[in-house]
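Undergrad: Take this structure, written in structure tokens, and hold onto it; I'll ask about it next.
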Amino acid sequence: MGRANDEAAEALHEYADLYAMTGGDAFRVRSYQKAAKAIAGHPEDIARGDVRQVPGVGEAIAKKVEEFLRRGSFRQLDDLRAEVPEGVRRMTRVASLGPKKAFFLFQQLGIASPEELGEAIRQGRLEGLRGFGAKTEENLLKGIEQLRSSGERVHLGVAMSLAERVMASLPAAERIAYAGSLRRMRDTIGDIDILAVGPESLMDDFKAQPYVAEVIASGGRKTSVRTTQGLQVDLRVVPEASWGAAMQYFTGSKEHNVRLREMCVKRGWKLSEYGLFDGDTVIAARTEEDVYTALGMRWVPPPLREDTGEVEAALRGELPGLVTLADLRGDLHTHTDLTDGVASLEEMVAAAAGRGYAYYAVTDHAPNLFMQRMTLDKALEQREELRRLQAGYPGMRLLHGTELNIAPDGTVDWPAEVLAGFDVCVASVHSHFTQSREEMTRRFVAACENPHVHVIGHPTTRKIGKRAPVDADWEAVFEAAARTGTVMEIDAYPDRADLPADLVRMARHHGVKFSIDSDAHAVGHMENLRYGVGIAQRAWLTTDDVVNTWPLDRLLDFFGR
């Protein structure tokens with residue numbers, strides 16, 4: 001999937017938001033959002049082909065995208081950006097404040113940033129405004145705080161996309177890799193560390209790239225830039241002989257590295273980015289494995305390097321065999337254009353087969369998510385279509401599933417006799433996010449206790465930087481899931497990353513099993529599974545913990561099918 005696709009989609013999303021803010025026609029807003037989704041999920045790079053080939057992109061949108069590809073913006077977007085100040089645009093990132101409400105506050109009260117909004121709430125200036133009661137104000141203050149604390153951090157997908165673009169733009173490097181929190185697969189990333197072996201001219205090549213907005217600092221060994229996305233990227237050129245030590249040092253985490261240095265001090269050794277030394281003698285430096293072996297321990301996979309017991313386990317030779325992307329035999333949560341996906345059933349199935357899956361579930365939305373216009377008749381038609389398609393895929397079992405909505409009282413869309421006909425039932429919360437802790441806990445427990453629910457989808461419902469996680473007693477939820485054999489999903493969409501690794505660890509402690517799913521709404525989204533695997537690795541999961549690494553028979557047996 002081309003980077004141009006992501007950037008053009010982002011611009012269309014921004015245009016749709018600004019257009020909605022300023023009172024634009026809702027139908028047109030939806031068509032821009034749909035086109036943005038389709039472009040982001042399109043498998044071919046639009047910069048190299050015709051954007052009109054993307055489903056849902058008409059002539060008017062195509063012209064805007066072509067102008068964007070030429071100059072990084074388009075006229076209508078520029079006009080709206082001029083009309084809506086940047087601070088008001090940032091206000092839309094406050095959880096529970098939609099574009100229209102943000103613009104309304106700007107027009108009525110001149111509030112032009114999240115900071116000003118917080119101040120206005122504290123001064124009581126919103127009192128008496130329709131739609132801004134005490135509960136809303138409390139949620140807005142929480143949202144403003146969350147936005148402030150997430151600061152300049154971006155989700156893993158944004159950072160990975162940029163890191164890969166940087167690496168691809170420096171062909172003179174003999175060796176190049178990302179390190180830091182990105183290599184540890186953290187959910188959010190503050191800045192990007194790239195290490196390279198190569199000529200000093202790499203620095204000039206780096207500074208000349210179109211993604212560079214400003215050069216913060218520049219030298220022969222290290223150059224720091226701020227990119228057009230606002231992220232800082234540090235490029236370090238390191239000697240080939242020190243590659244392993246440098247990768248170990250700059251991957252971190254700080255806490256993990258402190259533990260290693262303490263071990264070295266006890267032996268009179270020194271560990272730095274240049275190597276492991278005894279006086280002036282190099283003990284190890286060329287590979288990370290050499291460094292860890294010299295310290296009497298196994299190589300520690302980067303996602304584990306957080307000082308949560310991995311050092312002790314590596315010294316005892318007891319690190320778990322972590323689940324990998326290659327272990328996944330199928331995907332249990334995906335969508336087609338029957339609901340809010342952008343690719344057809346045929347395209348999604350073909351893409352799954354192309355990934356070598358042994359099984360693949362289609363789980364379009366159920367009817368209680370009204371805007372998806374789903375009906376039982378449509379679901380049964382899709383089931384027949386899957387049966388017809390199955391003949392063409394003898395090596396891959398097609399599973400007919402559904403993504404149900406967990407209502408505020410914990411019930412789901414269809415009655416038991418309908419649910420019994422599905423191979424896989426994923427149940428997710430899609431509304432009423434601000435229920436109390438007790439209500440939300442009861443809601444999840446009721447869903448787990450429904451014998452037809454197999455998987456709880458994106459459990460915390462969070463969207464990084466946009467929506468806070470729901471409040472639930474997760475210990476109680478996980479106890480219920482373990483007792484009922486209900487699987488907890490790790491939704492691999494990088495802006496969801498849900499369940500997060502700390503909750504995955506807690507759930508695993510209770511004996512819960514997991515599925516790592518793409519929640520793909522387009523063919524390109526299937527690539528996101530690597531982010532879900534990163535979360536699973538950070539939580540120490542093995543194939544025994546992840547049901548979609550199991551053979552089909554074991555999976556269906558576990559689901560009671």
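Undergrad: How much of the pair distance distribution for the range 1-122 lies past 19 Å, counting alpha-carbon pairs only, in percent? Walk me through the intermediate numbers first.
TA: Values: 3561 of 7381 pairs.
Value for the range 1-122: 48 percent of Cα pairs lie more than 19 Å apart.
Undergrad: Now for a different question. For the range 254-315, what's the relative contact order in percent, using C-alpha pairs closer than 8 Å and at least 6 residues apart?
TA: Numbers: 63 pairs, mean separation 16.3, N = 62.
It rounds to 26 percent for the range 254-315.
Undergrad: Turning to a different aspect of this structure: Step through the table entries 466/513; 34/463; 222/266, compare each Cα-Cα distance with 24 Å, and write down the pairs that go over it. Please list the in-between numbers first.
TA: Values: 466/513 28 Å; 34/463 19 Å; 222/266 31 Å.
466/513; 222/266, as the Cα separations exceed 24 Å there.
Undergrad: Okay, next question. Can you give the alpha-carbon Rg of the range 154-237 over 2.2 N^0.38 Å, where N counts its residues? Each step should come with its number before you reach the end.
TA: On the way: Rg = 11.6 Å, N = 84, 2.2 N^0.38 = 11.8 Å.
Cα-based Rg divided by the globular estimate yields 0.98.
Undergrad: Would you compute, from DSSP H runs of 4+ residues alone, the mean residue ellipticity of the chain at 222 nm, taking -39500 (n - 2.57) per run and dividing by the full residue count, rounded to the nearest 500?
TA: Details: 23 runs with 238 residues, N = 561.
Taking each H run of at least 4 residues, the total per residue is -12500 deg cm²/dmol.
Undergrad: Test of understanding: express the Cα radius of gyration of the range 254-315 as a ratio to 2.2 N^0.38 Å, with N the residue count.
TA: Details: Rg = 11.0 Å, N = 62, 2.2 N^0.38 = 10.6 Å.
The value comes to 1.04.
Undergrad: Share of antiparallel DSSP beta bridges in the chain, in percent to the nearest 5?
TA: Numbers: 24 of 54 bridges.
The answer is about 45 percent antiparallel.
Undergrad: Relative to the present Cα-Cα distance, how much length would full extension add between residue 10 and residue 325 at 0.36 nm per residue of separation? Intermediate values should be presented prior to the final figure.
TA: Working: separation 315, 0.36 × 315 = 113.40 nm, distance 2.74 nm.
The residue 10-residue 325 span can extend by a further 110.7 nm.
Undergrad: Compute the label zone of residue 135 within the range 408-439: residues whose backbone N is under 15 Å from the point 7 Å along Cα-to-Cβ.
TA: Flagged as within label range: 408-409, 431-439.
Undergrad: So which lysines can residue 37 reach, going by Cα to Cα under 16 Å and dropping same-chain residues fewer than 8 places off?
TA: 64
Undergrad: Sticking with this one: Quick one: order 105, 419 by neighbouring beta-carbon count within 10 Å, fewest to most. Before the final figure, lay out the partial values.
TA: Details: 105 23, 419 20.
Ranking 105, 419 by Cβ neighbours within 10 Å, fewest first, gives 419, 105.
Undergrad: Just name one of 432, 411, 374: the one whose Cα is farthest towards the positive end of the charge dipole of the range 370-436 (beta-carbon charges, Lys/Arg +1, Asp/Glu -1).
TA: 374
Undergrad: For residue 428, which sequence-distant residues (separation of 5 or more, or a different chain) have an amide H within less than 5 Å of its own amide H, given hydrogens modelled in the peptide plane?
TA: Here 404, 405, 406, 457 satisfy the definition.
Undergrad: Something else: How high is the relative contact order of the chain? Use alpha-carbon pairs under 8 Å, at least six apart in sequence, and give a whole percent. Don't jump to the answer; show the numbers that get you there.
TA: Values: 1028 pairs, mean separation 62.0, N = 561.
Contact order relative to length: 11 percent.
Undergrad: When the Kirkwood radius is taken over all Cα pairs of the range 431-561, what Stokes-Einstein diffusion coefficient follows at 4 °C and 1.567 mPa s, in µm²/s? The partial results should precede the final answer.
TA: Numbers: Rh = 14.9 Å.
So the translational diffusion coefficient is about 87 µm²/s.
Undergrad: Taking amide H positions as placed in the peptide plane 1.01 Å from N, state which residues far from residue 284 in sequence (5 or more) or on other chains have amide H under 5 Å from it.
TA: Answer set, sorted by chain and number: 276.
Undergrad: Considering the convex hull of the alpha carbon atoms of the range 325-558, report its projected area averaged over all viewing directions, in nm², one decimal. Let's see the in-between values first.
TA: Details: hull surface 45.0 nm².
That works out to 11.2 nm².
Undergrad: List the pair-distance distribution P(r) of the range 386-496, using every Cα-Cα distance, as the percent of pairs falling in each 10 Å bin from 0 up to the bin containing the longest distance, rounded to whole percents.
TA: The percentages, shortest bin first, are 14, 42, 30, 11, 3.
Undergrad: Rounding to the nearest 20 debye, state how big the charge dipole of the range 154-237 is about its Cα centre with +1 on each Lys and Arg Cβ and -1 on each Asp and Glu Cβ. Can you show the working numbers first?
TA: Working: 10 positive and 10 negative charges, 40 e Å.
With Lys and Arg at +1 and Asp and Glu at -1, about 200 debye.
Undergrad: Ranking 264, 448 by Cβ neighbours within 10 Å, fewest first, what do you get?
TA: Numbers: 264 18, 448 24.
Ordered by Cβ neighbours within 10 Å, fewest first: 264, 448.
Undergrad: Using alpha carbon centroids, what distance separates the range 368-436 and the range 503-561, in Å?
TA: Centre-to-centre (Cα) distance: 19 Å.
Laboratory data are not the source of any read-out in this text; all were calculated from the coordinates shown. Predicted, not measured: the structure shown is a model, and the values here were computed from it. Please note: Cβ atoms are built from the backbone with ideal geometry, for glycine as well, and neighbour counts cover all protein chains shown.
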